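Trainee: Take a look at the following structure, please.
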Amino acid sequence: MANAEEPPSTPPPQGTSSTATDVPAETRLFTNFFIGAGAGASYGVGPGLTGMTALSAGIRRSPFVILFETQVLWGGWRKPAEVTQVDWNGMIVPIALCYESRGFMGCGVYASAKLEAQGYRDDREGTSTMAYPADGQTWFSNAGFRAGYELRLTTGIYMRVYLDVLKTLSIPSLRGGGAPIWDVSPLIGSVGLYLFYTLGHDHGRKPLFN
């Protein structure tokens, strides 16, 4: 007895492959890449409270986020004692590993910081101004934590506010010609606000603006 003829197999829909599989967006590396810029204030590296501008980039693999940043410090609003004038610039370069949930972030941070300064003061007779250059430039290390919150503004644009508290691991003391210029603080604090663009996953949170 002849075998019954088997029904023909149904071909896959046009434009698809029987072996193709969809990859969830949150697992695609570069759809979770983001980059942004921000501004804020920092205390402890330069002379008193200083302004700060920064660039930030990172990769998100929820619930974990890796951040890379460069923070440029400017405009110290306190002059050290015994120094008539200070010319200086500073930079902080943090790397952070964060855990994010419902927009809230907690991070461990390691940072390198650079400080370059030159101080000026009047001589003892007060008849002229003499220059006392400090160490040409000083790199030092910091470690601590970051707390922050992310707000989704549109499909790809987020706003992030954060607070950093870092412990200075090696405290440089800038001096020139026997005159103290300033000591970097044992604790460095920074606050900032970022706007950044992400290529990927919306984390399940609705945008504030559609």
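The values are calculated or read from the model by the stated rules, or taken from the named source; none is laboratory data. Everything numeric in this text was worked out from a predicted model, so none of it was measured. We place every Cβ from the backbone using ideal geometry, glycine too, and count neighbours over all the protein chains shown. All accessible areas refer to the heavy atoms of the entire protein, side chains included, with ligands and DNA or RNA removed. Shrake-Rupley method; radii C 1.70, N 1.55, O 1.52, S 1.80 Å.
Trainee: Assuming 0.36 nm per residue, please report the length gained on full extension of the stretch Ser112 to Phe209 beyond their Cα-Cα distance.
Mentor: Gain in length upon complete extension: 31.2 nm.
Trainee: Same structure again: At 1.4 Å probe size, with no ligands or nucleic acids counted, give the accessible surface of Met159 in Å², nearest ten.
Mentor: Looks like 60 Å² after rounding.
Trainee: Between Trp74 and Thr155, what is the label-to-label distance in nm when each label sits 7 Å out along the Cα-to-Cβ direction?
Mentor: 3.5
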